[in-house]
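Student: The structure under discussion is supplied below as structure tokens; questions concerning it will follow.
The values are calculated or read from the model by the stated rules, or taken from the named source; none is laboratory data. Predicted model, so just to flag it, every value in this text is computed and none were measured. We place every Cβ from the backbone using ideal geometry, glycine too, and count neighbours over all the protein chains shown. These area figures cover heavy atoms from the full protein model, side chains too; ligands, DNA and RNA do not enter into them. Shrake-Rupley method; radii C 1.70, N 1.55, O 1.52, S 1.80 Å.
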Amino acid sequence: MLTSFVQAGKNAPVENAGAKVTGFNSPDNLAQGPDGRLWIVEDNYLSDIYVAGKDNDKDGAADKVELFGSLKDPGAEISGIYFGKDPKSLFFNVQHPDKPKADGTWKITRR
């Protein structure tokens with residue numbers, strides 16, 4: 001069965017780049033988080049990271065989708081996401097930023 005697990009306007013916000021409102025558009029990369037949730041990276045205006053919860057009501061869609069974070073640089077994009085052996089560390093790549101020497105792999109650690 002094919003379903004829309006995450007869909008703008010259904011369980012995620014709609015993007016409006018003209019109004020500078022971030023939302024779900026152009027999903028690009030996926031990772032499974034340490035708790036089993038699905039992490040989604042977008043190649044869109046203000047490249048976003050969303051976290052999709054489980055489908056507890058079995059309708060084929062995530063019951064909850066939350067925005068984890070957005071890049072502030074509209075010229076940059078997140079190009080990958082990964083959780084390592086340490087469940088408190090999230091790695092992601094940033095490319096094409098408007099700032100020199102800002103490409104790289106970044107790490108966010110939860111305390």
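Student: What ³J(HN,Hα) values, in whole Hz, does the Karplus curve 6.51 cos²θ - 1.76 cosθ + 1.60 give for region 20-34 when θ = phi - 60°, with x put for Gly and Pro?
Tutor: 6, 10, 6, x, 6, 6, 6, x, 10, 9, 10, 8, 8, x, x
Student: I would also like to ask the following. Could you order Tyr50, Tyr45, Tyr82 so the one with the most accessible surface comes first? Probe is 1.4 Å.
Tutor: Listed by decreasing accessible area, they come as Tyr82, Tyr45, Tyr50.
Student: Using 0.36 nm per residue, how much length does the chain from Lys10 to Lys107 gain when fully extended, once their Cα-Cα distance is taken away? Could you put the intermediate results ahead of the total?
Tutor: Values: separation 97, 0.36 × 97 = 34.92 nm, distance 3.04 nm.
So the chain would gain 31.9 nm between Lys10 and Lys107.
Student: Next question, about the same structure. With a 1.4 Å probe and every protein chain left in place, work out the accessible area per residue of region 15-104 in Å², rounded to a whole number. Could the numbers behind the result be given before it?
Tutor: Working: 5080 Å² over 90 residues.
On a per-residue basis, region 15-104 sits at 56 Å².
Student: Another one. Taking amide H positions as placed 1.01 Å from N in the peptide plane, with prolines and chain starts having none, which residues 5 or more places from Lys10, or on another chain, fall under 5 Å of its amide H?
Tutor: Amide H neighbours of Lys10: none.
Student: Per residue of region 93-101, what does 6.51 cos²θ - 1.76 cosθ + 1.60 with θ = phi - 60° give for ³J(HN,Hα)? Whole Hz please, x for Gly and Pro, Karplus curve as stated.
Tutor: Once rounded to whole Hz, the list reads 9, 10, 9, 6, x, 6, 9, x, 6.
Student: Let me ask something additional. Tell me the label-point distance for the pair Phe91, Asn56, using the 7 Å Cα-to-Cβ offset, in nm and rounded to one decimal.
Tutor: Each label point lies 7 Å from its Cα, and together they span 3.3 nm.
Student: Quick one: work out Rg over Rh on the C-alpha atoms of region 14-111, Rh as Kirkwood radius.
Tutor: Using Cα coordinates only, the ratio equals 0.99.
Student: Here is a further query. Please find, in a Gaussian network model of the chain (springs between Cα atoms separated by less than 10 Å), the residue of Ala17, Ala62, Ala52 whose mean-square fluctuation is greatest.
Tutor: In the Gaussian network model the winner is Ala17.
Student: Determine the share of the chain's accessible area contributed by carbon and sulfur atoms, expressed in whole percent, with a 1.4 angstrom probe.
Tutor: The C+S portion of the solvent-accessible surface of the chain is 52 percent.
Student: For the chain, what is the charge dipole size about the Cα centre, in debye to the nearest 20, if Lys and Arg each add +1 at the Cβ and Asp and Glu each add -1 at the Cβ?
Tutor: Dipole of the chain, to the nearest 20 debye: 480 debye.
Student: Now for a different question. State which entries of Lys58/Lys88; Lys20/Lys58; Lys10/Lys54; Lys10/Lys85; Lys10/Lys88 exceed 25 angstrom in Cα-Cα distance in the structure shown.
Tutor: Details: Lys58/Lys88 29 Å; Lys20/Lys58 34 Å; Lys10/Lys54 15 Å; Lys10/Lys85 33 Å; Lys10/Lys88 30 Å.
Flagged as over cut-off: Lys58/Lys88; Lys20/Lys58; Lys10/Lys85; Lys10/Lys88.
Student: Would you grab the residues whose amide H sits under 5 Å from the one on Phe68? Only those 5+ places off in sequence or on another chain, please, with H modelled 1.01 Å from N.
Tutor: Counting only residues 5 or more places away or on other chains, the set is Ile49, Tyr50, Val51.
Student: Largest first, what is the accessible-area ranking of Lys72, Lys99 with a 1.4 Å probe?
Tutor: Reading off the accessible areas and sorting them downward yields Lys72, Lys99.
Student: Can you work out the FRET efficiency for the pair Leu2 and Asp28, with r the C-beta to C-beta distance and R0 = 25 Å, to the nearest 0.05?
Tutor: E between Leu2 and Asp28, to the nearest 0.05, is 0.80.
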